[in-house]
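Enquirer: Next up is a structure, given as structure tokens.
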Amino acid sequence: MSSLNPTLITFLFYIVAMVVIGLLAYRATSNFSDYILGGRRLGSFVTALSAGASDMSGWLLMGLPGAIYLSGLSEMWIAIGLIIGAWLNWLLVAGRLRVHTEVQNNALTLPDYFSNRFNDQKKILRIVSAVIILIFFAIYCASGMVAGARLFESMFGMSYSTALWISAIATVSYVFIGGFLAVSWTDTIQAGFMIFALLLTPIVVMLSFSDLTQFTMALEAARPQAMDVIGDLSFVAIMSLLAWGLGYFGQPHILVRFMAADSVKSIPNARRIGMTWMTLCLGGAVAAGFFGIAYFQQHPELAGVVSANPETVFMELTKILFNPWVAGIVLAAILAAIMSTLSCQLLVCSSTLTEDFYKSFLRKSASQKELVWVGRIMVLLISILAIYMAGNPDSKVLGLVAYAWAGFGAAFGPLIILSLFWKRMTLNGALAGMVVGAVMVILWKNVWGDTGVYEIIPGFICSLIAIVVVSLMGKAPSNEITDKFDEADRIYKESI
């Protein structure tokens with residue numbers, strides 16, 4: 001156990017530091033807008049790294065390296081699709097959404113924005129979008145809980161259930177205390193941990209080989225097809241992997257970062273920072289899984305854990321190759337990835353329940369202090385639900401993320417894009433797109449899942465068609481709605 005002490009100390013120091021940041025953010029949180037959106041005062045650097053860190057969860061250091069380790073470079077199409085999707089999201093959505101949400105009565109959440117954008121007096125859009133957020137984020141949060149439990153289980157030999165509770169408490173504590181500012185500030189630090197670990201680990205693995213020939217021979221002996229970027233993949237399979245990029249347009253925990261930027265002028269610089277960080281991190285994750293194939297072929301006596309669960313490849317390489325003190329820092333990056341995404345997902349769920357249910361339907365006259373505390377209570381309730389859903393030790397991180405990612409991408413992606421670019425879009429069109437996208441993902445996943453087509457593809461396409469068809473079939477939006485759209489469009493164009 002003594003050999004683990006340096007790693008344990010590093011871990012504990014990291015967790016304490018995150019909670020301290022939460023306490024500092026608590027002092028800067030004076031109202032509900034501060035708690036869930038940071039008062040819209042994030043600069044380009046924090047906007048970029050917090051958007052990246054909230055996006056790249058435990059799957060970046062567990063799910064993706066595990067998929068590469070198991071199948072070789074043919075799995076890297078996911079990374080390519082994500083880079084393209086993220087860049088388009090920054091380019092097309094980020095600045096416009098920042099302006100439109102402010103013009104639409106300073107909307108603080110996506111359901112709030114949808115409701116205001118289409119002048120939804122009956123609040124149907126608010127209710128349906130909030131329900132979709134809660135359903136798919138419950139699955140998404142569960143994936144973060146599973147990843148955290150796997151980390152503590154692997155690191156300290158704990159039982160899965162004990163590891164699950166400890167990792168959950170570590171994250172929930174600073175979200176509960178500090179809200180959006182705590183999440184954004186800690187995301188920035190966690191993004192630094194992640195890129196450090198993902199660039200350093202593949203380099204150290206390669207240095208463990210005497211030369212490139214030794215590495216190549218080990219790779220060919222382990223997985224002869226590992227370097228084939230096509231492999232056994234069909235055209236449909238490649239399109240399904242690339243389609244992960246479509247999900248970016250509808251992810252509430254990423255879109256909320258755009259809404260919180262201090263101005264549209266911060267977005268281009270944030271895009272450059274964010275995309276550089278993301279590309280390097282994804283490249284490091286792919287390299288870690290790929291180099292791990294050769295390493296464990298050379299050292300079969302160390303491969304037991306990875307053979308049983310490929311998603312542990314990054315953790316095992318770190319534990320084997322690094323000094324325990326350095327290993328603690330590198331492995332804290334996995335915790336950082338998990339905590340950064342899980343924390344902002346919990347906060348989005350909390351803000352949805354508080355702003356879109358509690359304030360809208362139960363307590364319209366609630367004070368700012370009351371709303372902040374209701375938000376904190378909601379964080380706890382959602383956390384307990386996610387812990388319950390993550391209770392199965394056999395859960396796979398990437399599988400859970402894929403389902404939730406598709407759900408949000410199909411339900412909200414076409415709606416977000418068209419709401420920012422097409423003023424002829426109607427309330428009924430928006431409602432049809434949301435429902436059709438979410439239902440199609442659920443049906444495709446659970447009824448037609450053996451087709452090999454990632455459920456986001458039919459969900460996204462059907463949602464897009466539903467919005468356009470239903471909007472054109474109905475009466476055109478009122479002048480009040482189109483005037484606000486034109487105002488936001490004008491402000492955006494004047495700002496760039």
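The values are calculated or read from the model by the stated rules, or taken from the named source; none is laboratory data. Computed from a prediction, not measured in an experiment: that's the story for all the values here. Please note: Cβ atoms are built from the backbone with ideal geometry, for glycine as well, and neighbour counts cover all protein chains shown. Note: areas computed on protein heavy atoms with side chains; ligands, DNA, RNA excluded. Shrake-Rupley method; radii C 1.70, N 1.55, O 1.52, S 1.80 Å.
Enquirer: Using the charge dipole of the range 59-163 (Lys, Arg: +1 at Cβ; Asp, Glu: -1 at Cβ; taken about the Cα centre), state which of Ile127, Ser159, Ala149 has its Cα farthest towards the positive end.
Expert: So the residue we want is Ile127.
Enquirer: Please work out how much length the chain gains when fully extended from Arg272 to Leu302, using 0.36 nm per residue of separation minus the C-alpha to C-alpha distance, in nm with one decimal. Don't skip to the answer; put the middle values down first.
Expert: Values: separation 30, 0.36 × 30 = 10.80 nm, distance 3.99 nm.
Gain on extension, Arg272 to Leu302, equals 6.8 nm.
Enquirer: Related question: Suppose R0 equals 41 Å. What FRET efficiency, 1/(1 + (r/R0)^6) with r the Cβ-Cβ distance, do Ala221 and Ser161 give to the nearest 0.05?
Expert: After rounding to 0.05, the efficiency reads 0.60.
Enquirer: What percentage of the solvent-accessible surface of the chain, computed with a 1.4 Å probe over protein heavy atoms, is contributed by carbon and sulfur atoms? Working shown, then result.
Expert: Numbers: 12310 of 18270 Å².
Looking at the chain in its full context, I get 67 percent from C and S.
Enquirer: For the chain, report the accessible area per residue in Å² (1.4 Å probe, heavy atoms, rounded to an integer). Mind showing how you got there, number by number?
Expert: On the way: 18270 Å² over 496 residues.
Heavy-atom SASA per residue in the chain reads 37 Å².
Enquirer: Note the full-extension length gain between Asn105 and Asp232 as 0.36 nm times their separation in residues minus their Cα-Cα distance, in nm to one decimal.
Expert: Using 0.36 nm per residue and subtracting the Cα-Cα distance, I get 40.6 nm.
Enquirer: Something else about it: State to the nearest 20 debye the size of the charge dipole of the chain about its Cα centre, where the only charges are +1 on K and R beta carbons and -1 on D and E beta carbons. Mind showing how you got there, number by number?
Expert: On the way: 29 positive and 28 negative charges, 309 e Å.
My answer is approximately 1480 debye.
Enquirer: Related question: Among 94-100, 60-66, 279-285, 364-370, what's the highest-first ranking by average C-beta atoms within 10 angstrom per residue? Before the final figure, lay out the partial values.
Expert: Details: 94-100: 24.9, 60-66: 29.9, 279-285: 21.1, 364-370: 11.4.
Packing order, densest peptide first, comes out as 60-66, 94-100, 279-285, 364-370.
Enquirer: Given the Cα-Cα distance of Ile384 and Glu487 and 0.36 nm per residue of separation, how much length would full extension add, in nm?
Expert: On the way: separation 103, 0.36 × 103 = 37.08 nm, distance 4.26 nm.
Taking 0.36 nm per residue and subtracting the Cα distance, the gain is 32.8 nm.
Enquirer: Number of Lys pairs in the chain with C-alpha atoms less than 20 angstrom apart, excluding same-chain neighbours closer than eight positions?
Expert: So the count works out to 17.
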